[in-house]
Amino acid sequence: QVQLVESGGGLVQAGGSLRLSCVASGRTFGNYAMGWFRQAPGKEREFVAAMSWRGSRTYYADSVKGRFAISRMNAENTAYLQMNSLKSEDTAVYYCAADSTNMGSSKMDDYDYWGQGTQVTVSS
């Protein structure tokens, strides 16, 4: 079992930045690929970014490429999502997730554990 807790969300103006954190506890964090997803009001949850268990591979949704960056510190059991040049359409609840296949994926069904989410609101 892996428990995931997100933090770092908040209210920011368009063009600003936020860094989300996801702290894992339970089983060995380094054995899991990590992903970030988001869900805006009235919309389905969508993929944002993912990173393989060693950090050698990263994947991004087209909508965030060049603006967001995923990273991880296995020694600290933490994954991060650096979000720059934020837009109003980035407003959503952001979730981190852990994938035991180690490689990372854009598919929600590939993830075994999920956090509770952190709200990000971008004002225009």
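For VAL64, only one of the following conditions fails: (1) modelled with pLDDT of 95 or more; (2) within 17 Å of VAL5 (Cβ to Cβ); (3) open to solvent by less than 20 Å² (accessible area, probe 1.4 Å). What is its number?
Every listed condition holds for VAL64 apart from (2).
Is it fair to say TYR94 is closer than 18 Å to SER17 by Cα and in contact with a strand residue (DSSP E or B) (Cβ under 9 Å, 6 or more places away or on another chain)? Please lay out each step first, then the result.
Values: closer than 18 Å to SER17 by Cα: yes; in contact with a strand residue (DSSP E or B) (Cβ under 9 Å, 6 or more places away or on another chain): yes.
In short, yes.
Checking GLN116 against (1) open to solvent by 20 Å² or more (accessible area, probe 1.4 Å); (2) in contact with a Gly (Cβ under 8 Å, 6 or more places away or on another chain): exactly one of these is not met. Which one?
Status for GLN116: all satisfied but (2).
Please specify each residue of the range 99-124 satisfying the condition of being in contact with a Lys or Arg (Cβ under 7 Å, 6 or more places away or on another chain) and in a strand (DSSP E or B).
VAL122
Here are some residues: ASN77, ASN84. Which one is surrounded by fewer than 22 Cβ atoms within 10 Å (Cβ to Cβ), over 15 Å from PHE37 (Cβ atoms) and at pLDDT 95 or above?
Working: ASN77 fails: at pLDDT 95 or above.
Residue meeting the stated conditions: ASN84.
Among the listed residues LEU20, LEU11, which satisfies the condition of being in contact with a Gly (Cβ under 6 Å, 6 or more places away or on another chain), under 16 Å from THR91 (Cα atoms) and of a type in the set (A, V, I, L, M)? Walk me through it before giving the result.
Working: LEU11 fails: in contact with a Gly (Cβ under 6 Å, 6 or more places away or on another chain).
From the options LEU20, LEU11, the qualifying one is LEU20.
Please determine, by comparing only the residues of the range 87-113 that are over 19 Å from ASP62 (Cβ atoms) and among the aliphatic types (A, V, I, L, M), which one is most open to solvent (accessible area, probe 1.4 Å).
MET103
Identify all residues within the range 1-22 that are of a type in the set (A, V, I, L, M, F, W, C), under 15 Å from CYS96 (Cα atoms) and open to solvent by 60 Å² or more (accessible area, probe 1.4 Å); write none if there are none.
Hit for the range 1-22 is VAL5, nothing else.
The values are calculated or read from the model by the stated rules, or taken from the named source; none is laboratory data. Small disclaimer: the values here were computed from a predicted structure and weren't measured. Cβ atoms come from the backbone with ideal geometry, glycine included; neighbour counts cover every protein chain shown. Surface areas here come from the heavy atoms of the whole protein model, side chains and all, with no ligands, DNA or RNA. Shrake-Rupley method; radii C 1.70, N 1.55, O 1.52, S 1.80 Å.
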